[in-house]
1. For Leu132, what charge total do you get from the other residues with a beta carbon under 9 Å from its beta carbon, if Lys and Arg give +1 and Asp and Glu give -1?
2. Could I have the simple spin-label model distance between Glu127 and Arg95, label points 7 Å from Cα toward Cβ, reported in nm to one decimal?
3. Starting from the amide H of Gly164, placed 1.01 Å from N in the peptide plane, find each other amide H under 5 Å away whose residue is 5 or more places distant or on another chain.
4. Name the long-range amide H neighbours of Gly169: under 5 Å, sequence gap of 5 or more, or other chain; modelled H, no Pro or chain starts.
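What follows is calculated from the coordinates using simple rules that are stated; it is not laboratory data. This is a predicted model, so every value here is computed, not measured. Every residue, glycine among them, receives a Cβ derived from its backbone with ideal geometry; neighbour counts consider all protein chains shown.
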Amino acid sequence: MRRVVFLLPLLFAGCSCQPDPVADGARPDAAPLAHATPAADATPPAEGTLSSVASPTLSAVAPGAADEGTTVRNYVYALLNRDRSASDAYWSGGRTSSRPDDAVLRDIADLRNLRIDTDSPIARDTEQPSRLREVPVRVRAITGTGTFFFQGWYRLQPRPDGSGWEIQGASLQPVVQ
């Protein structure tokens, strides 16, 4: 057992979580290292392999903006609070159509509680970064007469000013539990 205890510090000596002063160019006797930039004609890595070059734009919306799942959850909570102007503001153009895609959820009478579970967003276009995302959802709605379940998705796109995501469309179907 003592040998294991003495070996543990050796295992963590080269931990990648610690900054390497040599790699960071912090040696006093060396010039700072230049960061390499990818060549314009460089071929992309094969699918399924990790790229060592990070994309300069990781999202189609501003840094710090709510992610897709949070946007959908905030929208549903605005529905629960029966704040139609706030919930409509989450849709493209700031309003829904005359018959919203998720009318089945918006029209529930005597709504007492809503629970929404979101899965990871799925890119629905080939742009980099994706500008059309689909968020799979499962919804539980509790009313005065019972509990209802729905599943489907909300499709989101960046707001025109890039400040966050807005709902472009939805598809919800009742589920028998």
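1. +1
2. With each label point 7 Å from Cα toward Cβ, the separation is 2.5 nm.
3. Excluding prolines and chain starts, which carry no amide H, the hits are Ala62, Arg159.
4. Here Arg155 satisfy the definition.
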